[in-house]
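Here's the structure we're looking at; comments come further down.
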Amino acid sequence: MIRTAVTLEVHKSRRLRVGVLCLVMVASVVALAGMNLFSDATRAGFSDPAAQPWEALLLNQVLMTAMTAPILVAVLAGRQVDIEHQGRGWTLARVAGFGPGTLCRAKAVVLGVVLTLTTGAQSVLLLGAGLAAGITVAPPLALWGRYTFCLVLVNLALLCLHLWLAARVEHQLVGLGVGLLGAFYAVFSLLMPVWAAYLLPWGYYAAISPLAMSGDHLVRSGPVPWLLALFLGAAATLFLLACRRLDRSEGGPA
Amino acid sequence: MSHVITTEGLTKTYGSRTVVDSLDLRVPEGCVYGFLGPNGSGKSTTMKMLLSLVRPSRGAISVFGRPMDRRTRHELSPMIGSLIESPPGYGHLTGWENMAIVRRMLGLSERQVRRAIATVRLGDHMDQRVRAYSLGMKQRLGIAMALAREPRLLVLDEPTNGLDPSGIEEIRELLLSLADEGVTVMVSSHLLDEVDRMASVLGILGRGRLVFQGTREALFDRSVPDLVVDTPEPRRALELGIPAVRVRGGVRVSGTTDDGTAELVRRLVHHDVPVHGVRRVRRSLEEVFMDLTGREGLS
């Protein structure tokens with residue numbers, strides 16, 4: 001049943017401009033994060049490992065992603081769910097045997113794939129931009145890969161939260177508003193004490209930062225593994241429980 | 001006569017509020033069953049229970065002779081088409097794309113989908129986005145979605161809501177032709193006139209209770225015809241305190257028995273009010289409906 005529901009979601013996503021939204025977001029992050037690549041001061045350190053050119057680029061990505069990813073997730077979830085509210089899709093699906101929870105799970109799969117590809121493309125393009133700009137120091141691929149992997153997981157967790165919210169609250173501006181506030185929290189979490197990043201889901205965009213400032217230098221950092229695992233586990237469990245509850249509920253989810 | 005739908009004591013309560021109260025429905029096979037009641041009388045909730053979209057608080061539902069509940073819904077639903085509340089349809093997709101989704105959702109063939117579209121005569125507009133459809137076209141698309149699985153039972157909740165007279169006529173003709181093909185159609189409305197012209201059996205809800213179920217003729221038989229007293233002096237008749245309304249050439253009295261009629265005529269004559277004639281007139285279906293539903297109004 002979930003396979004059919006996923007196929008249906010792919011067909012429903014036609015003309016929702018999901019791809020365009022993701023492309024715009026990737027282009028924005030790459031452009032904003034890579035802006036420093038063209039300054040003379042930065043270019044001077046392209047061949048000096050002590051200048052940490054890749055680390056600086058990666059930290060820019062962390063900052064730009066914290067600023068944009070919560071909004072992208074909220075917009076994608078809102079668009080994919082709003083069509084059910086507007087088109088009476090919940091009832092249509094329910095009489096065909098697909099509960100609202102099944103639809104939400106299917107939406108999570110489809111948008112999850114889109115977000116994963118977007119996140120991956122973002123990192124690859126930034127690495128490509130760095131190489132194209134002429135950084136000759138070897139890139140910290142493992143560090144970048146770990147960050148990208150963590151970012152995918154945090155995006156998926158936030159996607160689940162926003163899908164549930166969009167299903168429960170018919171007015172999609174609420175979800176978008178939450179995403180905007182989340183983006184603020186994510187950015188400020190980069191500046192706040194580390195523990196503050198673990199308080200709210202959006203703070204994990206900062207918590208997964210692979211780098212931190214130490215004096216004038218960037219030092220390797222990372223999330224507290226068990227806290228990240230707890231967050232991801234809780235998000236997945238709560239989403240599945242919420243979907244099950246939606247399937248058992250009467251009428252639509254809102 | 002076999003029944004496609006039967007319910008026994010069907011009840012739905014939300015907290016202390018009883019929305020549907022002890023319904024014993026009998027929907028005969030192959031007919032158009034008009035399910036009438038003012039807004040908020042419990043029609044939609046009843047239909048949702050029949051489709052197992054809402055759990056009854058009490059009572060039992062049987063569809064095609066089998067109990068309808070969450071466990072049997074998957075076996076029975078291929079035989080049932082439905083349109084509940086407003087018509088479904090993804091506005092950003094075309095009519096074809098919407099029907100393609102329904103086809104995949106229900107595992108139908110291309111032929112079934114094309115037949116349903118042809119039945120509702122929407123073929124010329126299937127390339128348009130549903131967002132651009134008129135309400136009538138959306139209703140027809142919703143009915144096509146319900147018809148696509150070639151159901152033996154069609155449950156339609158207010159399918160003519162918001163339609164203009166020609167749209168209502170189209171839907172009426174469509175439902176009658178489906179009933180001619182042997183499909184049982186249960187259609188709800190708060191507008192008596194719409195249902196009266198297509199339904200052969202009526203079920204009337206008032207405040208969650210089934211206040212009438214049967215044929216149109218049986219409904220008339222239950223009501224006492226009004227009495228019209230022909231008199232050139234209706235004002236004097238009304239001054240006597242008779243519970244009547246003035247009509248052309250006399251007064252009209254509702255709900256009067258034969259004994260009451262005799263007493264009325266005696267009083268009029270006693271007070272020298274000229275009585276030129278007394279006759280019974282059949283009440284309109286709307287008046288009967290209003291009486292049954294407690295004068296809650298039709299809209």
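Selection of region B:1-59 for residues being on the phi < 0 side of the Ramachandran plot, more than 13 Å from the chain's Cα centre (by Cα) and small (Gly, Ala, Ser) yields B:2, B:16, B:57. Could you check, for region A:220-234, whether at least one of its residues is open to solvent by 30 Å² or more (accessible area, probe 1.4 Å) and β-branched (Val, Ile, Thr)? Checked against the condition, which is being open to solvent by 30 Å² or more (accessible area, probe 1.4 Å) and β-branched (Val, Ile, Thr), region A:220-234 yields at least one hit.
Yes/no matrix, rows are residues, columns are (1) free of Cβ contacts under 8 Å to residues at least 12 places away in the same chain; (2) open to solvent by 10 Å² or more (accessible area, probe 1.4 Å); (3) at the interface with chain A (Cβ under 8 Å from one of its Cβ atoms); (4) under 28 Å from residue B:131 (Cβ atoms):
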site: B:58; (1), (2), (3), (4): no, yes, no, no
site: B:83; (1), (2), (3), (4): no, no, no, yes
site: B:95; (1), (2), (3), (4): no, no, no, yes
site: B:99; (1), (2), (3), (4): no, no, no, yes
site: B:103; (1), (2), (3), (4): no, yes, no, yes
site: B:114; (1), (2), (3), (4): yes, yes, no, yes
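Candidates are the residues of region B:178-193 that are farther than 28 Å from residue B:280 by Cβ and not in a strand (DSSP E or B); the one that is most open to solvent (accessible area, probe 1.4 Å) is B:180. Residues in region B:126-135 that are open to solvent by 20 Å² or more (accessible area, probe 1.4 Å) and either under 19 Å from residue A:82 (Cα atoms) or modelled with pLDDT of 90 or more (or both): B:127, B:128, B:129, B:131, B:132. Which of the numbered conditions does residue B:138 fail, given that it passes all the others? Conditions: (1) surrounded by fewer than 16 Cβ atoms within 10 Å (Cβ to Cβ); (2) out of contact with any strand residue (DSSP E or B) (no Cβ under 9 Å at 6 or more places or on another chain). Against the list (1) surrounded by fewer than 16 Cβ atoms within 10 Å (Cβ to Cβ); (2) out of contact with any strand residue (DSSP E or B) (no Cβ under 9 Å at 6 or more places or on another chain), residue B:138 comes up short only on (1).
The residues in region A:69-111 that are facing chain B (nearest Cβ under 9 Å), under 11 Å from residue A:9 (Cα atoms) and surrounded by fewer than 23 Cβ atoms within 10 Å (Cβ to Cβ) can be counted, and the count is 1.
Among the numbered criteria (1) in contact with a Leu (Cβ under 8 Å, 6 or more places away or on another chain); (2) small (Gly, Ala, Ser); (3) within 13 Å of chain A (Cβ to nearest Cβ), which single criterion is violated by residue B:136? All conditions pass for residue B:136, except number (3).
Candidates A:191, A:173, A:181: the one that is under 16 Å from the mean Cα position of the chain (by Cα), open to solvent by 60 Å² or more (accessible area, probe 1.4 Å) and without any contact (Cβ under 8 Å) to a residue 40 or more places away in the chain is A:181.
The values are calculated or read from the model by the stated rules, or taken from the named source; none is laboratory data. Treat the numbers as computed from the prediction; the structure is a model and nothing was measured. Please note: Cβ atoms are built from the backbone with ideal geometry, for glycine as well, and neighbour counts cover all protein chains shown. When the accessible area is computed, the model is the full protein with side chains, heavy atoms only, and any ligands, DNA or RNA have been set aside. Shrake-Rupley method; radii C 1.70, N 1.55, O 1.52, S 1.80 Å.
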